[in-house]
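Enquirer: Before anything else, here's the structure in question.
The values are calculated or read from the model by the stated rules, or taken from the named source; none is laboratory data. Fair warning: this is a prediction, and the values are worked out from it, not measured in the lab. Please note: Cβ atoms are built from the backbone with ideal geometry, for glycine as well, and neighbour counts cover all protein chains shown. The protein model used for the area step is the full one, side chains on, heavy atoms only, and it has no ligands, DNA or RNA in it. Shrake-Rupley method; radii C 1.70, N 1.55, O 1.52, S 1.80 Å.
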Amino acid sequence: MSDTPIIRFENVTQQYEGAGNVLSNISFELERGKFYTLLGPSGCGKTTILRLIAGFITPTTGDIYIEGKKVNHLPANERQVNTVFQDYALFPHLNVFENVAFGLRIKKLKKAEIDRRVKEALEFVNLKGYENREIQEMSGGQRQRVAIARAIVNDPEVILLDEPLSALDLKLRTEMQYELRELQQRLGKTFIFVTHDQEEALAMSDEIFVMNAGEIQQSGTPIDIYDEPINRFVADFIGESNIVSGEMVADYRVRFANKEFDCVDAGLNPNENVEIVIRPEDLEITTVADGKMAVTVDTQLFRGVHYEISTLDEAGNEWLVHSTKKAEVGSLIGLAFDPEAIHVMRLNESEDAFDARLEAYGEMANEK
Ligand SMILES: Nc1ncnc2c1ncn2[C@@H]1O[C@H](COP(=O)(O)OP(=O)(O)OP(=O)(O)O)[C@@H](O)[C@H]1O
Ligand SMILES: [Mg+2]
C-alpha cells in the first residue's frame, strides 16, 4: 500500500477551449510524504497540474490516479487534497477561527470536534491566540499561515501550494520557506509546491520538476538537477550558468573554446555536437600560465559575497566567474576548473535516455 504512488499522472494532456496543448503528454509518480516542487516560467502549466490534482478540471486525455485509484471524474470535495492559493483566498468577513473552521462546518462536524481541530491547526502554524482576529488585522505572513491552517485542518494526504510565498518580502519569504519545510516534515504529508524561483525550489524540495511549455523537462533531487542539468533550458533556469557549444572527442574528452579538455562524461558518439555547462562558482581565477583557458576580463561587479566577473575567451564565448578574488578589467587572466566541473549535455536527449546514460557510466566509474 505504501508503495502505491500517492499521485500518478499517465500521459495527461490538457487543452483549454480555444487554446492548444497547455500540458503535453505528462507522466509522473509522486511518493507519499515528500516535498515536491513544480518549477518553471510563467504560463508553463504549473497551476494547471495543481488544478488537475485538486479536481477543479478533468484531463482532456490521459489518467490521474490518487493512491492507485483513477480519479479523472472524482469531484474536488471527495479528494484528500487541499489547496493553498497564491492570493490565499481567505474570507475577509470572517475572523481567523472561522476561516479555518469553514470547511469543517460545511462537513457538519460537531462543535467540540471543530474547536479542537481548528485550535490544533492554528497551533501548528504558530497562530495560537489569534483566533478572534479579523483577517484585515493580520500581516501578509500571518494571512499566509491562516491559509495553510485552513488547508491542514482537513487532514488531507496532499497539500497543494500555488506560489504561496510570492507576495511576501524577501526576509519573510526566507523565514516562511523554513517554516513550510519544517511543517511538511512534522505533518509527514505530501506537499506539492509551485514556484518560478529556482533558489526557493533548490532550498525546499525533496524533488523538483522543471517545466517548460507544458512539458516536464527534468525531474530529480535539487542536487541532481543542479549538477546534471539535462539541457540548456534546465541549466539556464536553475542558477547562473555558462553554456557553450562543444564537440565530444572521445569518452572522457571534449572540445570547446578551441581546446580539448578532460571530462567525466562518456557514452556519447565521437564528434557528437554537445553543449557544455560550467557553473560560475566552479571557475577559478589563476595566472594565464596556470589556467586551462586564457580569457579577457570584460566587466566586474561586487555582489557582497563574491565578485561577478564577466570574461571572454579567444573563441568569443562569454564565461561568467564567481570569485572572492578580484580581477582587473581589460587584463588577460587564466581560468582553472576540474574535469568534474564540465557538464556535457546532449542535444535533444530524452529524460529516460539521459538517466540511463548517467547510470551506465556512473556504475562504471564506481567500479574503477
Ligand atoms: N481557463 C483557461 N482557458 C484558456 N487558457 C488557459 C486557462 N487557464 C490557463 N490557460 C493557459 O494555459 C497556460 C498554462 O497556464 P497555467 O496557469 O497552468 O500556468 P502557470 O505555469 O501556473 O503560470 P504562472 O507562473 O504565470 O502562474 C497559459 O498559457 C494560460 O494562458
Ligand atoms: Mg500559476
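Enquirer: Name the residue, out of V297, V288, V194, whose mean-square fluctuation peaks in a Gaussian network model built on the chain with Cα pairs under 10 Å.
Expert: Result for the chain, Cα springs under 10 Å: V288 fluctuates most.
Enquirer: Across segment 86-243, what fraction of all alpha-carbon pairs, as a whole percent, falls in each successive 10 Å bin from zero upward?
Expert: With 10 Å bins starting at 0, P(r) equals 10, 35, 30, 16, 8, 1, 0.
Enquirer: Contact order normalised by length for the chain, with contacts defined as Cα pairs under 8 Å and 6 or more residues apart; what percent is it?
Expert: It comes to 14 percent, rounded to a whole number.
Enquirer: Continuing with the same structure: Taking Cα atoms of segment 240-367, Rg/Rh with Kirkwood Rh, to two decimals?
Expert: 1.01
Enquirer: Follow-up. So what J values fall out for segment 34-51 if you push phi through Karplus, 6.51 cos²θ - 1.76 cosθ + 1.60 with θ = phi - 60°, rounded to Hz, Gly and Pro as x?
Expert: Coupling constants for segment 34-51: 10, 9, 9, 10, 9, 10, x, x, 4, x, 7, x, 5, 4, 4, 4, 4, 5 Hz.
Enquirer: If you don't mind, another one. Once phi is turned into ³J(HN,Hα) by the Karplus curve 6.51 cos²θ - 1.76 cosθ + 1.60 with θ = phi - 60°, what whole-Hz value does each residue of segment 338-343 show in order, with x for glycine and proline?
Expert: 7, x, 5, 6, 8, 10
Enquirer: Taking N as the number of residues in the chain, what value does Rg over Cα atoms divided by 2.2 N^0.38 Å take?
Expert: Rg over 2.2 N^0.38 Å, computed on Cα atoms: 1.17.
Enquirer: Check L161: other-chain or 5+ apart residues with amide H under 5 Å from its amide H, H built from backbone geometry?
Expert: Here V84, I192, F193, V194 satisfy the definition.
Enquirer: With label points built 7 Å along Cα→Cβ from the Cα atoms of T296 and E272, find their separation and express it in nm.
Expert: So the two model labels end up 3.5 nm from each other.
Enquirer: Quick one: with all protein chains in place, what share of the accessible area of the chain is carbon or sulfur, to the nearest percent (1.4 Å probe)?
Expert: 47
Enquirer: Now for a separate question. L320's amide H: which non-local residues (gap 5+, or another chain) put their own amide H closer than 5 Å, with H modeled 1.01 Å from N in plane and none for Pro or chain starts?
Expert: T311
Enquirer: Report, by chain and number, residues whose modeled amide H sits under 5 Å from the one on V274, excluding near sequence neighbours (fewer than 5 apart, same chain).
Expert: G246, E247, M248
Enquirer: Can you work out the Karplus-derived ³J(HN,Hα) for every residue in segment 344-351? Use 6.51 cos²θ - 1.76 cosθ + 1.60 with θ = phi - 60°, whole Hz, and x for glycine or proline.
Expert: Running phi through 6.51 cos²θ - 1.76 cosθ + 1.60 with θ = phi - 60° gives 9, 10, 6, 6, 6, 8, 6, 5 Hz.
Enquirer: Could you report the chain's accessible area per residue, 1.4 Å probe, as an integer in Å²?
Expert: Accessible surface, normalised per residue, equals 49 Å².
Enquirer: Need the C-alpha centroid separation for segment 69-118 versus segment 14-46, integer Å.
Expert: If we compute the Cα centre of each part, the gap is 24 Å.
Enquirer: Ordered by packing density, taken as the mean number of other Cβ atoms within 10 Å over each peptide's residues, highest first, how do 33-39, 87-93 rank?
Expert: Result, highest mean first: 33-39, 87-93.
Enquirer: Related question: Tell me what the chain gives for mean residue ellipticity at 222 nm when only DSSP H runs of n ≥ 4 count, each as -39,500 (n - 2.57), the sum divided by the residue total, rounded to 500 deg cm²/dmol.
Expert: Taking each H run of at least 4 residues, the total per residue is -8500 deg cm²/dmol.
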